[in-house]
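Novice: Quick one: the structure is below, questions incoming.
The values are calculated or read from the model by the stated rules, or taken from the named source; none is laboratory data. Everything numeric here is computed off the predicted structure, so don't read it as measured data. Positions of Cβ are backbone-derived with ideal geometry, glycine not excepted, and every protein chain shown enters the neighbour counts.
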Amino acid sequence: MAGTSGKRVKQVSEDEAIPSGIITDVLSRLPVQAIRSYRTVSKNWHDSMTNKFFARMQFARSSVNPSYFVCPVMAEKMKVYSMNPESFNLRYLNTIDPQKRSQHDFMYTIASFNGLLCCINLLTEEDTEEDDDIDLQIWIVNPCMGETLLLPQGTPPSFGFVPNVGVAYVGSEYKVFRIFCAGKEMAGYRFECEVYSSSSGSWRNIGTVPCVPMGILVPFKSRHVFVAGKIYWLSCLDAPGKVLSVDWEGRFDVIPLPKYDPNLRYEDSLTEVSHLLNLRGCLALFVQHVEYMDIWTWKEDIEPSGDWVLEYVDYAPIGDFDLVFAVTSLKNHILCLTDNHWCCYDVDTGKWNKKRVKKPLSNPSVFPFTESVLPCDGSVTL
């Protein structure tokens with residue numbers, strides 16, 4: 001037949017004609033929800049968006065404009081949102097409902113890092129080894145991708161104390177520190193710590209702890225913060241007060257809280273509404289009083305072993321009867337979520353931005369957040 005050569009003519013689709021580097025560059029600038037949808041457009045696009053190079057590029061771009069992550073205590077399923085730090089507008093991200101979850105009444109977020117979350121929920125009696133055990137399931141979750149990773153169970157705790165959890169990370173590698181009651185001695189209960197490393201995929205006991213986090217009795221409120229390679233927990237608010245810290249290598253330390261005049265009224269001293277923050281890369285302590293606040297920062301270079309410096313004393317639109325659910329910080333802003341209002345303080349200008357919440361979330365948690373496509377196992381090196 002005239003005009004044929006016995007060879008098939010390959011038809012080139014439009015996306016195949018575009019260099020893969022350009023496709024990767026363009027797609028890495030999209031919101032993660034769009035990336036999830038566009039993976040199914042073609043094999044070329046799928047391959048461009050499911051490799052480690054793309055994950056690193058997307059995270060680097062997304063990190064330039066972080067937002068907040070907001071979620072309520074889970075009822076049966078946890079709807080999670082990102083929040084614009086200026087407008088307070090919520091944008092639905094996903095619904096998290098892991099299939100292997102033991103306790104179906106609630107799940108709580110305690111940390112955010114690299115676009116991932118660390119979440120906990122209680123084990124039911126059917127899933128514990130002893131009737132009096134109160135243990136946790138610990139999850140690493142990518143809320144944008146809808147992916148979850150259940151960590152292996154650690155050593156069963158004793159005497160009804162619920163383990164307390166904190167997260168540290170360097171690059172994409174993370175470590176989960178789990179403080180639990182290991183037994184009872186003449187001097188009292190013995191608390192130990194074990195560490196899960198994303199690089200090993202297993203737990204390792206690092207010995208006893210010098211004091212315990214406040215959340216050892218109520219672990220579902222995040223009382224810890226990660227700053228400059230260390231996790232810090234509030235341990236005790238009674239004078240002189242304690243902060244427990246642990247570094248990447250598992251070395252513990254205890255530092256005192258700021259000293260207030262003992263003659264002050266309770267509401268003018270350390271209060272229950274005291275939160276540790278990562279404020280511009282420094283450890284800070286937010287103390288809420290009636291309609292005003294103190295913000296302290298920890299200075300390690302003050303002799304002999306560091307000390308607190310009172311940086312800000314300012315008005316705060318939070319009254320005596322307001323219930324403060326969560327406090328966090330992002331860049332130069334401090335965000336407070338109460339039962340009726342969301343309030344954001346700019347430490348540079350000293351001004352508050354306040355919004356009344358018509359339908360408040362149930363006991364919400366809030367963290368700085370960067371959307372990412374990073375896997376939950378920490379396998380992509382940043």
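Novice: Which of the following residues is within 19 Å of Asn84 (Cβ to Cβ) and outside any loop (DSSP other than H, G, I, E, B): Val313, Val287, Val309, Val327?
Specialist: Answer to the check: Val327.
Novice: Could you grab me the full set of residues in segment 340-351 that are within 30 Å of Lys77 (Cβ to Cβ) and not in a loop (DSSP other than H, G, I, E, B)?
Specialist: Matches in segment 340-351: His341, Trp342, Cys343, Cys344.
Novice: Okay, moving on. Does Ser245 qualify as being assigned to a strand (DSSP E or B), modelled with pLDDT of 95 or more and hydroxyl-bearing (Ser, Thr, Tyr)?
Specialist: Spelling it out, Ser245 is indeed assigned to a strand (DSSP E or B), modelled with pLDDT of 95 or more and hydroxyl-bearing (Ser, Thr, Tyr).
Novice: Report, by residue number, each residue of segment 296-315 that is surrounded by fewer than 15 Cβ atoms within 10 Å (Cβ to Cβ), farther than 18 Å from Asp348 by Cβ and among the hydrophobic types (A, V, I, L, M, F, W, C).
Specialist: Listed by number, the list holds a single entry, Ile302.
Novice: Name the one entry in Ile295, Ile318 that is assigned to a loop (DSSP other than H, G, I, E, B), more than 22 Å from Ser63 (Cα to Cα) and in contact with an Asp or Glu (Cβ under 8 Å, 6 or more places away or on another chain).
Specialist: Just a single option satisfies the conditions, and that option is Ile318.
Novice: Is it the case, given these coordinates, that Lys354 is of a type in the set (Lys, Arg), surrounded by fewer than 16 Cβ atoms within 10 Å (Cβ to Cβ) and in a strand (DSSP E or B)?
Specialist: yes
Novice: Looking at this structure, is Ser235 at pLDDT 95 or above, buried (at least 19 other Cβ atoms within 10 Å of the Cβ) and assigned by TED's automatic domain parsing to the domain that holds Pro163?
Specialist: No: the conditions fail for Ser235.
Novice: For Gly183, all conditions in the list (1) at pLDDT below 95; (2) assigned to a strand (DSSP E or B); (3) under 27 Å from Val80 (Cβ atoms) hold save one; what is the number of the exception?
Specialist: Unmet condition: (3).
Novice: Of all the helices (runs of 4 or more DSSP H) wholly in segment 26-87, which have at least 1 residues that are farther than 15 Å from Cys144 by Cα?
Specialist: Fully inside segment 26-87 and qualifying: 43-49, 52-62.
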